[in-house]
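Notes for the one structure printed next.
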Amino acid sequence: MVSARSASMKRTLIWAMAIGAVLAGSAGAQGARTAAAASWPLAVLPVDGAHIAYRDINPTAKGTPLLLIVGYGSTMAEWDPTLVARLAQSRRLIMFDNRGMGNSTGSVQGLTVQTMANDAAGLIRALKLGRTDVLGWSMGGFIAQQLALQDPRLVRRLILASTDPGSPHTNPGAPAVIQTLTDPATTPRALLPILFPADQQPAAQTWLTAIGSQPGLTAQDFTAPAATLAAQKLATTTFWLGPGDGTYARLSRLAAPTLVAYGADDVIVPPSNAQILLGRIPHASALRVADAGHAFLFQDPATIAATFSAFLQRGSVTRR
């Protein structure tokens, strides 16, 4: 059994490497990014037996808020700060830690994607956000789909990034890739090559530097307890991919205008899954990013933020 100490090692190492890169100046001046995200106060709300930690960015902005839902084994501290700052330029943006991760608490016994979607819905209601735009990355995309289907009155527009519909219809990544992703002891050196293509490793290092440049973060902001990682793994594999599970059979009922965005070289959630989503979600738009992997959002965050913002304003994008 993996110890809690080794389980948190992955996040601590990411944090340490990012800080180290900043101190050493390894990314250079061009790698510096806006460090706005973590500047906003950390707050906590009780939701369904958990205490969900979140940051509320640009809270006085008018218009539709945007909720960011992070992926497997990640915390809100790992959103690229340029992506967050650009998305929040003219709107309120809320990002949060899933239960049991980072600064959030709560039981993860019997954790499912629906449990996490209930938490997201509870946060929307507690903050009185009304109909909200939602961006879900990877496992966050699972949660976003479930949220939009079970609580359609809470979701106005939906961005599904690097994600799949679950059920046996999903095309999973290679077993070795998934093992690397879900192993609590995986270091950044092993993780980055499956998040970014080989020729995009400079962008991967810039992402780490951007995370480390955020003011006020500590190792707690990256904490990933062993029990939570194990529960998320079970929720996103055995449960999400099982017969009758996932959202595959229900996607035709998804009413929110949806953008399916993906990297052409994603080895964690192969691009064929985006085609499944596009074929089953009514009137979905596609964004295919060439020479990009699972973390395509962080390779060129300014451009991606502009594209996402345009979709949230219009409800459609030009297909690539």
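The values are calculated or read from the model by the stated rules, or taken from the named source; none is laboratory data. Values in this document were obtained by computation on a predicted structure and should not be read as measured data. All Cβ positions, even for glycine, are placed from backbone atoms using ideal geometry, and neighbour counts span all protein chains on display. Ligands, DNA and RNA are stripped out before the accessible areas are found, and what is left, the full protein with its side chains, is counted by its heavy atoms. Shrake-Rupley method; radii C 1.70, N 1.55, O 1.52, S 1.80 Å.
Looking at residue 66 and the list (1) more than 16 Å from residue 133 (Cα to Cα); (2) open to solvent by less than 10 Å² (accessible area, probe 1.4 Å), which single condition is not satisfied?
(1)
Can you tell me which condition residue 115 does not meet? The list is (1) hydroxyl-bearing (Ser, Thr, Tyr); (2) assigned to a loop (DSSP other than H, G, I, E, B); (3) more than 19 Å from residue 222 (Cα to Cα); (4) at pLDDT 95 or above, and all the others hold.
For residue 115, the failing item is (2).
Of all residues in the stretch 152-173, count the ones that are of a type in the set (A, V, I, L, M) and open to solvent by 10 Å² or more (accessible area, probe 1.4 Å).
1
In the list 187, 223, which residue meets the criterion of being in contact (Cβ under 8 Å) with a residue 12 or more places away in the chain, of a type in the set (Ser, Thr, Tyr) and surrounded by 17 or more Cβ atoms within 10 Å (Cβ to Cβ)?
Exactly one of 187, 223 is in contact (Cβ under 8 Å) with a residue 12 or more places away in the chain, of a type in the set (Ser, Thr, Tyr) and surrounded by 17 or more Cβ atoms within 10 Å (Cβ to Cβ), namely 223.
To keep it simple, each residue is scored yes or no on (1) closer than 21 Å to residue 160 by Cα; (2) under 19 Å from the mean Cα position of the chain (by Cα).
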{"position": "205", "(1), (2)": "no, yes"}
{"position": "225", "(1), (2)": "no, yes"}
{"position": "248", "(1), (2)": "yes, no"}
{"position": "254", "(1), (2)": "yes, no"}
{"position": "258", "(1), (2)": "yes, yes"}
{"position": "277", "(1), (2)": "yes, yes"}
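Is one or more of the residues making up the stretch 202-218 out of contact with any Asp or Glu (no Cβ under 8 Å at 6 or more places or on another chain) and within 18 Å of residue 98 (Cβ to Cβ)?
Scanning the stretch 202-218, I find at least one residue that is out of contact with any Asp or Glu (no Cβ under 8 Å at 6 or more places or on another chain) and within 18 Å of residue 98 (Cβ to Cβ), so the answer is yes.
Restricting to the stretch 271-286, count the residues that are out of contact with any strand residue (DSSP E or B) (no Cβ under 9 Å at 6 or more places or on another chain) and farther than 15 Å from residue 142 by Cβ.
Residues in the stretch 271-286 being out of contact with any strand residue (DSSP E or B) (no Cβ under 9 Å at 6 or more places or on another chain) and farther than 15 Å from residue 142 by Cβ: 2 in total.
Sort through 238, 258, 218 and tell me the only one that's open to solvent by less than 20 Å² (accessible area, probe 1.4 Å) and either among the hydroxyl-bearing types (Ser, Thr, Tyr) or closer than 30 Å to residue 275 by Cα (or both).
258
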